[in-house]
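Visitor: Before anything else, here's the structure in question.
Each value in this text was obtained by applying a stated rule to the coordinates, not by laboratory testing. It should be emphasised that the depicted structure is a prediction, and the values quoted were computed from it without experimental measurement. Note that we place each Cβ from the backbone using ideal geometry, even for glycine, and neighbour counts take in every protein chain shown.
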Amino acid sequence: MLIGELAERTGTSQRLLRYYERTGLLRSERLANGYRTYDETVPATVLRIRALLAAGLPTRTIRQVLPCTNAEAAVLPCPGVLDALRGRLRTLEQRSADIDAARNVLLQTIATAEAAS
């Protein structure tokens with residue numbers, strides 16, 4: 001399939017698909033006219049990339065994780081992948097704790113201001 005069809009099937013812009021290719025997340029073949037062509041497995045890969053990005057993984061980690069996933073997006077045992085995912089989870093948990101603390105400060109400040117008025 002051509003890049004336009006891939007974009008349409010995945011809801012991803014052509015520009016973003018080209019970026020995924022530049023960063024090594026996707027591969028395409030080139031036709032004689034220079035057009036990119038993708039096989040039928042690529043839409044699932046694009047959706048997996050989008051899901052991993054939404055989970056907060058950087059592209060360098062996704063590059064490491066993608067070869068270790070199957071068609072159902074399950075992560076298979078590959079060296080270093082679980083460590084990378086656990087590290088990202090720790091980072092997200094710390095961010096979540098920081099956001100909770102900031103939220104609590106705001107709630108307390110609002111409550112104090114409302115009580116004073």
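Visitor: Just VAL105, VAL81, VAL46 to compare: in a GNM of the chain, with alpha carbon springs under 10 Å, which one fluctuates most?
Guide: VAL105
Visitor: Going by a ≥ b ≥ c, the root eigenvalues of the Cα gyration tensor, does the range 3-116 fall in the rounded group (a/c under 1.5), the prolate group (a/b larger than b/c) or the oblate group?
Guide: prolate
Visitor: Quick one: if you stick a label point 7 Å off each Cα along the C-beta vector at ARG60 and ASN104, how many nm between them?
Guide: Result: 3.3 nm between the two label points.
Visitor: Next question, about the same structure. Anyone know which of ILE49, ILE62, ILE99 comes out most mobile in the 10 Å Cα GNM of the chain?
Guide: Result for the chain, Cα springs under 10 Å: ILE99 fluctuates most.
Visitor: At GLU40 and ARG95, where each label point lies 7 Å from the Cα along Cα→Cβ, what is the point-to-point distance in nanometres?
Guide: Modelled inter-label distance: 3.7 nm.
Visitor: Whole-Hz Karplus ³J(HN,Hα) for the range 85-102, in order, using 6.51 cos²θ - 1.76 cosθ + 1.60 and θ = phi - 60°, x for Gly and Pro?
Guide: 5, 5, x, 5, 4, 4, 4, 5, 5, 5, 4, 4, 5, 5, 5, 4, 5, 5
Visitor: Taking springs between alpha-carbon atoms closer than 10 angstrom, which of ASP100, ASP83, ASP39 fluctuates most in the Gaussian network model of the chain?
Guide: ASP100
Visitor: Only sites in a loop by DSSP and with at most 14 other Cβ atoms within 10 Å count here; which chymotrypsin sites (Phe, Trp or Tyr not before Pro) in the range 1-99 make the cut?
Guide: Here the chymotrypsin sites (Phe, Trp or Tyr not before Pro) that fit, given the DSSP loop and packing criteria, are TYR35.
Visitor: So for the range 3-116, averaging the separation of alpha carbon pairs under 8 Å that are six or more residues apart and normalising by length, what relative contact order in percent results?
Guide: Rounded, it is 16 percent for the range 3-116.
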